[in-house]
Structures are given as structure tokens and as C-alpha cells.
There are 2 protein chains.
Amino acid sequence: MLDKFFNPKSVAIVGATIKEGKVGRVIVENFKKRFKGKIYPVNPKYEEVLGLKCYPSVKDIPEPIDLVIIVVPAPVVPQVLRDAGEKGVKAAIIISGGFRETGTEEGKRLEEEVKKISMEYGIRIIGPNCLGIYDNWSGVDTFFLPDEKMMRPKKGYISFISQSGAFASALLDWMAYRNIGVSRAISYGNKIDVDDIDLIEYLGEDEKTKLIIMYLEGLKPGRGRLFIDKARKVVEKKPIVIYKAGKTARGSMAAASHTAALAGNYQLYKAAIKQAGLIEASSFDEIMDLSKTLLTQPLMKGKRVYIVTDAGGVGVMLTDALASEGFELPRTPEDLRGELKKILPPHCIVENPIDLTGDADDERYITVLEKLLPRNDVDAVIVVALPQIPGIRGKLFEYLVEAKRKYNKPMLIIIIGSKEAEKFKAYLEDKGIPVFESPERAARALKALYTYSIIRGVAQK
Amino acid sequence: MLDKFFNPKSVAIVGATIKEGKVGRVIVENFKKRFKGKIYPVNPKYEEVLGLKCYPSVKDIPEPIDLVIIVVPAPVVPQVLRDAGEKGVKAAIIISGGFRETGTEEGKRLEEEVKKISMEYGIRIIGPNCLGIYDNWSGVDTFFLPDEKMMRPKKGYISFISQSGAFASALLDWMAYRNIGVSRAISYGNKIDVDDIDLIEYLGEDEKTKLIIMYLEGLKPGRGRLFIDKARKVVEKKPIVIYKAGKTARGSMAAASHTAALAGNYQLYKAAIKQAGLIEASSFDEIMDLSKTLLTQPLMKGKRVYIVTDAGGVGVMLTDALASEGFELPRTPEDLRGELKKILPPHCIVENPIDLTGDADDERYITVLEKLLPRNDVDAVIVVALPQIPGIRGKLFEYLVEAKRKYNKPMLIIIIGSKEAEKFKAYLEDKGIPVFESPERAARALKALYTYSIIRGVAQK
């Protein structure tokens, strides 16, 4: 149903213009850069926009149109939509503001009119008052920000749905800079038609989406039950990480001024989130920490975690953090203890956390991990490899990439440092191994993986 | 008393060597780079080490020695220390391991012998089994890691004391890369003599230290009361941020294997930390978030916080985070509301969070901040400036630097994004304005500032 939004063969951009910096120009520019279908600028003032033939109205376009993008002032939107309806268009993104969010009677009236027309002609609507869609695979890109202001991320498998347009664009920009792959991003604004639930359902079926992030202030009234039902089906296939805004009474009031969303009672949302099997991120950092871990790591069979470290102190920090999250850090069993004693110098600590100490080298890690990873009583391994010690030269990290393939067991890495640390981090994350500098954040990310493993029925509570 | 450790006029490096990669060579190299006093390598095997005249023993050095750095094997350490005592040396850093931490009888015996000799001759000891001191002002640098492995941070006013050597070196490396200024760092290992309390007392009087970070597993037995007394005096002048490791039973067990520290009952430590007026960081991120905020921001007079944002969604996230930390977000008072309505376009929201919306520009922020910052009923301002919107061009950030000088009021900034965001962040942090990408982390940092303001008697509870 929503496929025409994401994979249109042809788009009309109504309100296209040649004026520098204007939304109607930036969108045409962005489509020209990446969109592979046909682009039809619409504006009665021009014969041509940026080298493309321009039409006075959607109705004048000689070929069928899959998606109309509307950036004209609010009072003109109903007529544009009617034209699109006559033309047989079935999908429209209304970027324009000036509707209900203004709080004016005229704004409300216009929004109602738009709703009526869309129903009359059977046009699905995203918006109004939104940034619309950024689609990395098809090149649909109505985020009206030039590349200098918002970097476009590489193609990937994370999709996100955001009730805040600014947050969506900041996140795209942020992820691009950090080399995180994105599939599709949607800012839906006033959501007079297509809402979170429709989008979750669509992305749930989408083979280019392996994980969904949601920034939510409030659902449309009466949609709670359906949200839980639809989301439950999706999380059986892929994880949904949700950030709920408007958690406190004061935050809820702020949300009301922001998107007129009924942020509602957080306890109710919390219960719904749990029932639906969504993974809740409680901070900005967690949105990305949890996502990168859930996207790349296999599910956990249990909660027995081992730490291998070259820094005793960080081993202690991590032990605290994991224990606080409810993980078990088993005492090293007798047989493993014996094996480790055989391969490690006497000053190393074979107790979990296994401390290889400051004279460790890549090889020492590798021999230990070769003992740990194949074991059935090891559910996940966290490797702390502070690269300041001379023995860490990079071979360990190549090994980890191999080991991920070979053993398919959850592995997180902690690296703290400067240039070299950043280099190793980039290498590992590119290969699907999440790296953290904070033991506490690593522990919370692993906890999310464990929670999702329970939801998927792979781990026992 | 401890000044000879940090500002020696002359150092002897016992165990100096020309062998590539050896600790005794790296230390000589590092001293040659930055230390301004006299350097005397000691090793009976060489006449010269890296161009410096080498002596067979400390006793043979013809001039007085302020500090002896010892890197010879443990069994030789007592004799070296006796030589130093004969020579009249009053400070020694024993880098060498092989003492109590080995868990062997011989290790314990050696450690006792070293203690006895140090008392006999009145030599103060840091170590053994430590990285020692990195001092950015005097150039004392016994962290035996070459520059390629551990970047040296720029000169600054943060000092830290770490029970974990590896963590200390990782933190130095990390801070160097992020352009954070450091004064002095100390890894004290087995702390047979100089301990956390002595160091806090020293750094408390040190004019090059404006904030102290502590990584602590456990105090020496019986030192709790003194710790509270000494720390209380220091926090009247400068904040101490503490990270306590070994908080959980399992973490405490890990600490015991790590430094044989008695991590003890965390509830007792927590009470002591509170009583002493220390600021506790509960995660790696918080260590730096809290430190950069406490180091640069004036104290808060109350807990009334205003948000100015160009992104409604981030305003909501931040409102939640601040409310959760117990801050007040006052409704915009009538008089201010009137003033803001006059200067802002009608679609902007004058309620706190003040939402300048996506068409904001630098000037809009500046006019609003000029109304907010001078007010007595505003205790702190958080500015959210997502730089994806076209109007954010940098003038706002220059203004913020001016405003800090002019109004001397706590200000934190939230910026999320890519290259441009990083550029603005670097600019602001260099000028002493802390920047966050996570609303939750900003709220926690402000909370630390508020807590410290209460401790200092500036804010009421």
C-alpha cells in the first residue's frame, strides 16, 4: 500500500522553483542527485526548473504520477491535492506547514479539507508539516536540506520513524558522519493519514529494513491496541527500538506545544511498549547503542557473560555494569581454568574477568578467545582491548571479525583512546562488531540484546 | 611534602637502558622530550644512555637528586632504595611490579622490606607496580608508553588519580584526542605509602589543578574518616569527581583480583562520598561530562532552567531529562512572554522550552538570549542548536562565548550532527562552554553542577 511513497517510478514536485535556498528548489536538486525515476517539477511560473520541463499543474503532466510532493503554501494545498486526485495519484507528501499546528481556526479548517479530499480520491497522505521521506535505496528525498547542512548516510538497514522532523534530520546527519548505514527515514508531521502504525507495518515487510527506530511523542487517539498488535508481529522478525518523548508531566506539556501530540500517561505507554515487545531506549546515546548491537549481533541463548581484558580497572567497571543489568558473570569453571593456566603466563588472572594484563599482545587474546567462544556455557563475550599497551597491534581485531563468522556468538568490544582507538573502532563497526568506550553503555546494549532474545523466545527469562 | 614528585629539579632513572621498547628506555625518552630539570640515567652496564651520562648507582651522581624513578626488577629494588636513602633522596616512584600483587610470599616480603627502608630513610614512595606520574607542567612523565601509543594531552587544569594504571593511560590518550587540558595524572599502584588522601591534599593546594578526577576501587583500611575530612576541605575550593569501582558484589570480587583492593561495601562508600561533598560519576561518560561542566561553569543559584531550541523534539527530550533530575522548568512569566512575543514571529513558541522552530537563525537566538540571560529568575540556560537548519551559521556560537563572559551564568549547549556540528563543538568547548549531543547527559551534568552549588553553599536545596 505505501510502496508508492518509497518506490515511486515518477514524482511531481509541486512548488518547484529556481529560487536559491527555497524548499521547492532544494527538493528538486536532491531528487536530481539520487532518484532514478522521472521527476516532474510543477509551477505555473516556469517552463523549466533546473533543466527539467516544468508543468503548470499536476494534471498537465502527460504521464502517470506515483507520488506528489507538495511544498506550496497551505491555502493552495487543497486545490493541488484535487488536481492530483483527478490525475489518479495515490500518494502525496505534504511538506507545507500552516495547518492544525498553527493553532488557528483557518489552519484546522484547511487540514480538515485536505483530509476530506484525500479520502474522496483515495490518496494516502504523509504530513502535512513534515520533512517527509529520505529513502536511501530509491533516492526519494524530501528532506529539504542541502548536503552541506545534512550529510546523507550510506545505504544500510536501519530505518527510522520520527515525530520530530528536526530530530530526524539531525540523526541522519549524525549517522552519516559516523558511517552508519540507513535504509529509510520518515518524518510524518501532523499525521492526518499515514501514521506510526502504518509505517511500522510497511517497514516490517520491507527487506531493506532490518531494524526500526521510532521517536514517538504520542500515538493518534484510539490507536493503542492496534499499535501493540501490529508491532508484536514486526518484532517477531526484526527489532524495534523506541524512544518515547514526553515521559514526565513537564515533558508531556512540552510535547503538547510541539506537535500537539497527546504524550499521555507514560506508565501506559511503558506497559504498551513492553507488551508489544519493543526495546525502549532511555537516552539519545541508547538509541544508537542499542540499535547497532541489535542490528549486528546474534541472539543470546542465556545470560552468562565473560570478560577478557588488558585493563583490570575497566574489567571491574564492566563487571559492576553487567551485574547491575542482571547478567551472570560465572566464576571460571575448573576445566577452563586449567586450560587457561596452561596457555597464560602466571601473572595473568584466569578468573572471570580474565585479565591478560598490560603485557598482553594480540596473540594472547586470540588463544584465550579460541578457548572461550566455542563453549556452550558462554553466552556472550566482551573484549576490553585498550590499545595503549604495546602488544595491541590490530591482529586481534582481524581475528574478531573472523570469530564472528566462525562462532556466531554475541561479542561487544571496549576500546578507549585516541586516533588508533578510533581507527580500530571504525574497522570493527564496519564489519558488524559494536565498539563502546563506556563499560556502562556496553552493558546496557547487551541487556537490550538479551531482552530481545527473550522476546524472540531464544533465551529463557 | 609531595612537591618533589611533581616539581623535581633533578631525576635519576634507575634501570635506564638503550634497549628499544624497554620501559627504562621509554621513560628516558619521554623525560628528554619535556622535562626541564636534570636527568640522570642509572645503570652499571652503560656509560651513556641516549646521549646522557649514565651512572652505576644513584650514589655516584655528583649532584643532589629530588626524585628517583625505579624500573629495575623487584629483588633489586631494596638496594636501589637504600642507595637513594644514603644519597638523601626524599621521593621515589617505583614502577616495577613483582610485589604484593603477585600473591606470593616473596612478593609480600619484598614489599615489606621496601616499606621499612622508606621509613628508615624518610623517603616518600609512589607505587610499586604503577605507572607513576604524568605532569603536564613540569614534564615528569613516568607513564612508560611512547607517544604513538598514548597521546599526551595539552596543558590544562584537570588532574586525576587512578587506582587503575591502564585506565589512567587510556583516559590521558582519550583526553588528548578530544583536546581536553590536563594538569597532572597519578597511577599509584600498590600504594604502600602515598595514597589517594595524600594526593587529594596535594592537588587541593595546587594552583594548576582546578578539578580532580578519582578512579577508586578501595581506600587503605582505616583511612575512611581521614578521607572524608581531607576531601571536605578540598571541595570547598575545587570539585572532586569520583568514579567508584567495585560497586556490586561481583565487581568487588573483580577488584580484589585486580589490585587486591578492599572495594568494601558500596553503601558505606556512597555515604562517605556524600559526606565528603564529592560528586559521583556513575559511568565512564559521566566522568568527562561532569568534569567539563564543573570545570567551566559558574555555580548555580537555584534550579530554574530555561531551554531555547530550534528542534521541538529535542526540547521535549531535554524537558523530560531535566524534570527527571529534579530541575524546575518555569512556565515563561508574563513579562518575559510579552517581550518574546514582540521579538519573535507568531509561529514560534514562547513557552519554556522556547521553540524558535526550523526557520530560526543566529539572530533570533541572540535576541532571545539577550532577554533571558540577564534575568534573576533564570538560573541556567540550555541552548539546543541543531545545525542542520540553514539559519545556524556560527554567529550564535560566537555570541555564546561573549555571553559567558558578560553574564557569567551556567550555559550548556546541545548540538547533534556531523562535520559542522563537530566544528562548532570544538570551538565552544575550547572557549569553556560544554557541548553535548545527548539531552540526558546534559541534564545529568547540570545536575552535578547544581549538587556542587549546594555543597558550596551557593544554591539552596
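Okay, here's what the table says:
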{"item": "Count of region B:320-338 residues which are buried (at least 17 other Cβ atoms within 10 Å of the Cβ) and assigned to a helix (DSSP H, G or I)", "result": "6"}
{"item": "Criterion (within 14 Å of chain A (Cβ to nearest Cβ) and in contact (Cβ under 8 Å) with a residue 12 or more places away in the chain) met by exactly one of B:L131, B:L110", "result": "B:L131"}
{"item": "Meets criteria (in a loop (DSSP other than H, G, I, E, B), surrounded by 15 or more Cβ atoms within 10 Å (Cβ to Cβ) and more than 14 Å from every other protein chain (Cβ to nearest Cβ)) for B:A459", "result": "yes"}
{"item": "Filtered residue count, region B:209-230, keeping only those that are within 22 Å of B:G156 (Cα to Cα) and open to solvent by 60 Å² or more (accessible area, probe 1.4 Å)", "result": "1"}
{"item": "Of all residues in region B:270-287 being part of a helix (DSSP H, G or I), open to solvent by 10 Å² or more (accessible area, probe 1.4 Å) and not charged (D, E, K, R), the one that is nearest to B:G218 (Cα to Cα)", "result": "B:A272"}
{"item": "Test result for B:E120, in a helix (DSSP H, G or I), at pLDDT 95 or above, in contact with a Lys or Arg (Cβ under 8 Å, 6 or more places away or on another chain) and not hydrophobic (A, V, I, L, M, F, W, C)", "result": "no"}
{"item": "Among residues of region A:23-56, those that are touching a residue at least 40 places away in the same chain (Cβ under 8 Å) and under 27 Å from A:F99 (Cα atoms), counted", "result": "8"}
{"item": "Hits in region A:303-319 (condition: more than 7 Å from chain B (Cβ to nearest Cβ) and open to solvent by less than 10 Å² (accessible area, probe 1.4 Å))", "result": "A:V305, A:Y306, A:I307, A:V308, A:T309, A:L318"}
{"item": "Residue match in region B:74-89 (condition: without any contact (Cβ under 8 Å) to a residue 12 or more places away in the chain and part of a helix (DSSP H, G or I))", "result": "yes"}
{"item": "Residue in region B:258-269 that is part of a loop (DSSP other than H, G, I, E, B), out of contact with any helix residue (DSSP H, G or I) (no Cβ under 6 Å at 6 or more places or on another chain) and crowded, with 18+ Cβ neighbours inside 10 Å present", "result": "yes"}
{"item": "Test result for B:L299, more than 11 Å from chain A (Cβ to nearest Cβ), part of a helix (DSSP H, G or I) and over 30 Å from A:S96 (Cβ atoms)", "result": "no"}
{"item": "Filter result (crowded, with 24+ Cβ neighbours inside 10 Å, more than 10 Å from every other protein chain (Cβ to nearest Cβ) and not polar (S, T, N, Q)) within region B:142-165", "result": "B:I158, B:F160, B:I161"}
{"item": "Residues of region B:279-289 satisfying the condition of being of a type outside the set (S, T, Y) and either within 12 Å of chain A (Cβ to nearest Cβ) or touching a residue at least 60 places away in the same chain (Cβ under 8 Å) (or both)", "result": "B:I279, B:A281, B:F284, B:D285, B:E286, B:I287, B:M288, B:D289"}
{"item": "Tally of residues being more than 14 Å from every other protein chain (Cβ to nearest Cβ) and either among the polar types (S, T, N, Q) or touching a helix residue (DSSP H, G or I) at 6+ places or on another chain (Cβ under 9 Å) (or both) across region B:209-221", "result": "6"}
{"item": "Residue identified as farther than 30 Å from B:A442 by Cα and away from chain B (no Cβ under 13 Å) among A:K237, A:K292", "result": "A:K237"}
{"item": "Any hit, region B:174-190, residues being assigned to a loop (DSSP other than H, G, I, E, B), within 14 Å of chain A (Cβ to nearest Cβ) and among the small types (G, A, S)", "result": "yes"}
{"item": "Residue in region B:87-101 that is of a type in the set (D, E) and over 28 Å from B:H258 (Cβ atoms) present", "result": "no"}
{"item": "Which numbered condition A:E207 misses (of (1) in contact (Cβ under 8 Å) with a residue 24 or more places away in the chain; (2) farther than 30 Å from A:R109 by Cβ; (3) not in a helix (DSSP H, G or I))", "result": "(1)"}
{"item": "Matching entry among B:I18, B:I13, B:I39 (being outside any helix (DSSP H, G or I), surrounded by fewer than 17 Cβ atoms within 10 Å (Cβ to Cβ) and among the β-branched types (V, I, T))", "result": "B:I18"}
{"item": "Qualifying residue in region B:233-240 (condition: open to solvent by 20 Å² or more (accessible area, probe 1.4 Å), over 16 Å from the mean Cα position of the chain (by Cα), more than 23 Å from B:E207 (Cα to Cα) and not assigned by the TED database to the domain that holds B:P410)", "result": "no"}
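Conditions (1) closer than 20 Å to B:L219 by Cβ; (2) assigned to a helix (DSSP H, G or I); (3) not hydrophobic (A, V, I, L, M, F, W, C), marked per residue:
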{"residue": "B:C130", "(1), (2), (3)": "yes, no, no"}
{"residue": "B:P146", "(1), (2), (3)": "no, no, yes"}
{"residue": "B:F160", "(1), (2), (3)": "yes, no, no"}
{"residue": "B:A166", "(1), (2), (3)": "no, yes, no"}
{"residue": "B:S169", "(1), (2), (3)": "no, yes, yes"}
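So that you can scan it fast, the table gives a plain yes or no per residue for (1) out of contact with any Pro (no Cβ under 9 Å at 6 or more places or on another chain); (2) within 30 Å of A:R393 (Cα to Cα); (3) open to solvent by 10 Å² or more (accessible area, probe 1.4 Å); (4) assigned by the TED database to the domain that holds B:V182:
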{"residue": "B:P78", "(1), (2), (3), (4)": "yes, no, no, no"}
{"residue": "B:E101", "(1), (2), (3), (4)": "no, yes, yes, no"}
{"residue": "B:E106", "(1), (2), (3), (4)": "no, no, yes, no"}
{"residue": "B:K116", "(1), (2), (3), (4)": "no, no, yes, no"}
{"residue": "B:I123", "(1), (2), (3), (4)": "yes, no, no, no"}
{"residue": "B:V140", "(1), (2), (3), (4)": "no, yes, no, no"}
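The values are calculated or read from the model by the stated rules, or taken from the named source; none is laboratory data. This is a predicted model, so every value here is computed, not measured. Neighbour counts run over all protein chains shown; Cβ positions are idealised from the backbone, glycine included. Ligands, DNA and RNA are stripped out before the accessible areas are found, and what is left, the full protein with its side chains, is counted by its heavy atoms. Shrake-Rupley method; radii C 1.70, N 1.55, O 1.52, S 1.80 Å.
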